[in-house]
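The values are calculated or read from the model by the stated rules, or taken from the named source; none is laboratory data. All figures in this text were calculated on a predicted structure; none of them were measured in a lab. Heads up, the Cβs are rebuilt from the backbone with ideal geometry, glycines too, and the neighbour counts pull from every protein chain shown. When the accessible area is computed, the model is the full protein with side chains, heavy atoms only, and any ligands, DNA or RNA have been set aside. Shrake-Rupley method; radii C 1.70, N 1.55, O 1.52, S 1.80 Å.
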Amino acid sequence: MRGLTEGVEQLLGRPPHFINAYLVDDVLVDAGTPAAARRILRQLRGRQVGAHVVTHAHPDHFGSSHVVCETLGLPLWTGALDAEAIETATPVVGPGRIPALMSRSKMPPAHPVARGLVEGDTVGSFTVLDVPGHSPGHIALWREADRTLLCGDVFFRLPRVSQPWKFLTVDVRRNYESMRRLAELRPALALFGHGPPLRDPDKLARVVAALPRAERT
């Protein structure tokens, strides 16, 4: 694992930074695809882990959640409005033909959600923010003390910082509002579901400001 700031480590992925998971204090944040389970468990060996948080109910973020939670005896927490999708392994997808086809593909194992997170809840030293759009119950984690943000898929960084792919986003306009909200925090360290860390407090705001009006709806 790679230490990023106090109490935050990034698990090593294959390829690096493509699908990210983090250890935040004693909480595993996101769990990649089903193929990542062995790699995640190997990196967590010998570590104190008390819970598992999923930022949103897409299969590349809760793919290994069932195996990891069962193996380590962890409760699974996620945004309250995404809980049903994980418990039934039927994530909500965006409109269009491609998402419809993807929704019929094999999903990761379902897993019960022990806690539905809402705005203002705490996860370790972080505060939960409701940032819907990419999924109905998408959450971010924010630590004001050092301005560290885990933004999930509200933004992508593959390779540049951008909005997430529209065909995977349930409500593009709501996600734009979530992007704007997170950008206004001016994070000193922004951590993404996809892409390497960013240490530029104004970058997210510049990306939001540069989006054409047509891209906001």
Please determine, by comparing only the residues of the stretch 59-71 that are assigned to a loop (DSSP other than H, G, I, E, B) and over 9 Å from the mean Cα position of the chain (by Cα), which one is surrounded by the most Cβ atoms within 10 Å (Cβ to Cβ).
-> Phe62
Filter pass, Ala35 being in contact with a Phe, Trp or Tyr (Cβ under 8 Å, 6 or more places away or on another chain), among the aliphatic types (A, V, I, L, M) and surrounded by fewer than 21 Cβ atoms within 10 Å (Cβ to Cβ) | no
Only one residue in Leu12, Leu28 is open to solvent by 50 Å² or more (accessible area, probe 1.4 Å) and closer than 30 Å to Phe167 by Cβ, so which one is that?
-> Leu12
Considering each residue of the stretch 143-160, count those that are at pLDDT 95 or above and surrounded by fewer than 19 Cβ atoms within 10 Å (Cβ to Cβ), and give that number.
-> 5
Is there a residue in the stretch 88-108 that is under 15 Å from the mean Cα position of the chain (by Cα), closer than 24 Å to Gly195 by Cα and not aliphatic (A, V, I, L, M)?
-> yes
Quick check: anything in the stretch 45-56 open to solvent by 10 Å² or more (accessible area, probe 1.4 Å), touching a strand residue (DSSP E or B) at 6+ places or on another chain (Cβ under 6 Å) and not in a loop (DSSP other than H, G, I, E, B)?
-> no
Which residues, taken from the stretch 123-138, are hydrophobic (A, V, I, L, M, F, W, C) and within 11 Å of Leu182 (Cα to Cα)?
-> Leu129, Val131
Regarding Ala205, is this residue farther than 26 Å from His52 by Cα, open to solvent by 40 Å² or more (accessible area, probe 1.4 Å), at pLDDT below 95 and not in a loop (DSSP other than H, G, I, E, B)?
-> no
Qualifying position, being hydrophobic (A, V, I, L, M, F, W, C), in contact (Cβ under 8 Å) with a residue 12 or more places away in the chain, assigned to a helix (DSSP H, G or I) and more than 22 Å from Gly3 (Cα to Cα), among Leu74, Leu81 | Leu81
Failed condition for Val154, given (1) touching a strand residue (DSSP E or B) at 6+ places or on another chain (Cβ under 7 Å); (2) touching a residue at least 60 places away in the same chain (Cβ under 8 Å); (3) more than 18 Å from Pro16 (Cβ to Cβ), with all others met?
-> (2)
Read through the list (1) touching a helix residue (DSSP H, G or I) at 6+ places or on another chain (Cβ under 6 Å); (2) open to solvent by 40 Å² or more (accessible area, probe 1.4 Å); (3) of a type in the set (Gly, Ala, Ser), then give the number of the only condition that Ser135 fails.
-> (2)
